[in-house]
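Working notes for the structure below.
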Amino acid sequence: MKTMNTRSVGQLELGLQNDAGRLSQSCPTSERRQRRQTRARYWFERMRQVVDCARDWPAAPVAPEPLQREAEAERHLAE
């Protein structure tokens, strides 16, 4: 049975390496912006499709205001 070594209190660090085994450089700002725009464009297009295909439900009836209910009750008692 294997046991875990719990003596390490340091933070685990994972290096990001490319295919050549070197640490990859961060993306240039323009590439990062382009990827974000592409993802956002996909997301909003998908949400538009969902809304277009959504079922139209009838509106719920409006509940009377508390003061209107009291006034209706008083009118009913006065009759």
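The values are calculated or read from the model by the stated rules, or taken from the named source; none is laboratory data. Only a predicted model underlies this, so the values are computations on that prediction, with no experimental measurement involved. Backbone-built Cβ (ideal geometry, glycine too); neighbour counts: all protein chains shown.
Name the one entry in Asp52, Asp56 that is part of a loop (DSSP other than H, G, I, E, B) and either touching a Cys at 6+ places or on another chain (Cβ under 6 Å) or modelled with pLDDT of 80 or more (or both).
Asp56
Only one of (1) at pLDDT 90 or above; (2) more than 21 Å from the chain's Cα centre (by Cα) is not met by Cys27, so which one is it?
The single condition Cys27 does not satisfy is (1).
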